[in-house]
Amino acid sequence: MKKTIKYILLMINIVLLLVGCNNSGINNEAVDTMVNESIVQTSGFSISSDSTEMNTSAKGTVFVKGVDGIVQHIQIIAWIEIDPNDWGGISFYVPDNWHISSIISSYPENEPQKKPEDYISIFTTADSKYKLNKMIEIGKNRDYVPTGGGIGTVAIDLILKDGKDKSETFNIVIGVGSDEKDGVKIENPDSISIEIPLSSSTDWE
């Protein structure tokens, strides 16, 4: 009987010791994890195709990243929804002095027979008169045929080009939806411009 009690107490001590070790490991990991590392500024946005009967929208946040107050990296995270009857989809217009380093997309979600990469296009113009010379198009069909619609999340990473002068502000335009008036097809009739100050006077802390 006494041996049984000692065995039970021993097992309880071992269990408590293991739990304590696991908790200690979790706490140490939490201490070592960096939260919002290099984030110097954020800006939220929301745009929808209110001028049309389309239910197309984009909502998210622009994360500005840098070291010692020098901006080097922009990340755009957006939740998107595209109307089943919409051929215009959603477009992100990016300024010339930023390079599109990567794009991750889940649109259209919950449709395993469709590949998200088939629903993204990137266009660039060399015409210097356009300050926003790159276009990232999601769910757009230039033949004016709806792509089927759906929802998803998009992450766009931009890196400042070498040898380019930095502007005082970072500016992108996001357009959504499609329309037709008097027989004329209109892409992205609703849009917003997002401007984020990047000057040295910005409060980075």
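The values are calculated or read from the model by the stated rules, or taken from the named source; none is laboratory data. Owing to the predicted nature of the structure, the values given are computational and were not obtained by experimental measurement. Heads up, the Cβs are rebuilt from the backbone with ideal geometry, glycines too, and the neighbour counts pull from every protein chain shown. Areas reflect the complete protein model, heavy atoms only, side chains present, ligands, DNA and RNA absent. Shrake-Rupley method; radii C 1.70, N 1.55, O 1.52, S 1.80 Å.
Assorted remarks:
- Flag for T4 being at pLDDT below 85 and on the phi < 0 side of the Ramachandran plot: yes
- Looking only at the range 87-129, and only at residues there that are in contact (Cβ under 8 Å) with a residue 60 or more places away in the chain and part of a strand (DSSP E or B), the one that is most open to solvent (accessible area, probe 1.4 Å): H99
- Checked against (1) within 19 Å of H73 (Cβ to Cβ); (2) modelled with pLDDT of 95 or more, I172 meets all criteria but (2).
- Search result, residues across the range 173-182 that are open to solvent by less than 60 Å² (accessible area, probe 1.4 Å) and more than 13 Å from I47 (Cα to Cα): S178, D179
- Residue match in the range 46-59 (condition: crowded, with 20+ Cβ neighbours inside 10 Å, touching a Ser or Thr at 6+ places or on another chain (Cβ under 7 Å) and in a strand (DSSP E or B)): yes
- So S167, is it closer than 22 Å to K59 by Cα and among the small types (G, A, S): no
- Within the range 76-86, the set of residues being surrounded by fewer than 18 Cβ atoms within 10 Å (Cβ to Cβ) and in a strand (DSSP E or B) comprises I77, W79.
- Every test in (1) modelled with pLDDT under 95; (2) over 22 Å from D162 (Cβ atoms); (3) assigned to a strand (DSSP E or B); (4) not aliphatic (A, V, I, L, M) is passed by E137 save one, and that test is (1).
- Looking only at the range 130-144, and only at residues there that are within 21 Å of H73 (Cα to Cα) and touching a strand residue (DSSP E or B) at 6+ places or on another chain (Cβ under 7 Å), the one that is surrounded by the fewest Cβ atoms within 10 Å (Cβ to Cβ): L132
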